[in-house]
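Beneath this line is the structure, given in structure tokens, with notes to follow.
Read-outs throughout are calculated quantities, based only on the coordinates presented, and are distinct from any laboratory measurement. Given the structure is predicted, the values throughout are model-derived calculations rather than measurements. Glycine gets a Cβ as well: all are built from the backbone with ideal geometry, and neighbour counts include every protein chain shown.
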Amino acid sequence: MDKLIKDIGEVFKDDEINTEDIRRILSNYKSNPLDWKKYAHFDAHKYTRNLVDEGNGKYNMLILCWGPGMASSIHDHTNSHCFVKVLDGSLTETLYDWPNEGEKDVPLNKKKESTYGVNEVTYMSDEIGLHRMENPSHSDGCVTLHLYIPAYDTCKIFDERTGRNSKSVVTFYTKYGQKVDYNGSKTGRVIPQSEIDSQVVRSPFSFV
Ligand SMILES: [Fe+2]
């Protein structure tokens, strides 16, 4: 994981970022649970977003953990580029068109559904449209690595039946492997190690 973080960081040392370089580095990395299990924290009720690296303010690297059947809302990407690599299990992506301007209460147009397996990489941006991501398995967890370039704090989530959207604030379940508590704080408080084991639900799934 450290090497992956370093290799990605190297790409961002240049002013011009080549997205193909990022795709190549992510594709070349072969998932090893020993590398990333420190960041893989599951919750019983919702998929989790775990911060791995803040990329010198240029991007965010995250690990998302999806319990069986868990899904995101349909969302946009706030003008960011987004890469996703599957580290464990599989992930289904459903692509939608943006709602037409001026149209009200019209269902979103579903245009494509793809399922990605371990080590596969996909790319998403507002130019492509909107998407929802989901762990299609009823029994296994799914772990994915995400790069958001640049990072963002809010995005829009969309209602599939009406195309209406609302603002959603993006939060982290853990930062650098430590649980974050948002109670009474906008940026979140990192919980000391001693409190973690009682609060974080460790993966109920094996990574082998
Ligand atoms: Fe997304």
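Per-peptide packing, taken as the mean over residues of other Cβ atoms within 10 Å, places 16-26, 31-41 in the sequence 31-41, 16-26 from highest down. Assuming charge only on the beta carbon of Lys and Arg (+1) and of Asp and Glu (-1), the dipole of the chain about its Cα centre is about 500 debye to the nearest 20.
Taking region 80-108 and a reference point 7 angstrom along Cα→Cβ of Asn32, the backbone N atoms nearer than 19 Å belong to 85-89. Report the percentage of all Cα-Cα pairs in region 11-72 whose separation exceeds 18 Å, rounded to a whole percent. Of all Cα-Cα distances in region 11-72, 50 percent exceed 18 Å.
Whole number please: convex hull volume per residue, Cα atoms of the chain, in Å³.
Considering the Cα atoms of the chain, their hull volume per residue is 133 Å³.
Extending 7 Å from the Cα toward the beta-carbon at both Lys6 and Thr115 defines two label points whose distance is 3.8 nm.
Each label point was placed 7 Å from the Cα along the Cα-to-Cβ direction; for Asp43 and Tyr182 their separation is 0.7 nm.
Translational diffusion of region 1-47 was estimated from the Stokes-Einstein equation, with Rh taken as the Kirkwood radius over Cα pairs; at 10 °C and 1.306 mPa s the coefficient is 127 µm²/s. Inverting the pair-averaged 1/r between distinct Cα atoms of region 102-186 gives 16.1 Å as its Kirkwood hydrodynamic radius.
Evaluating 6.51 cos²θ - 1.76 cosθ + 1.60 at θ = phi - 60° for every residue in region 109-120, the Karplus couplings come out as 8, 7, 10, 6, 10, 9, 10, 10, x, 3, 6, 6 Hz, glycine and proline recorded as x.
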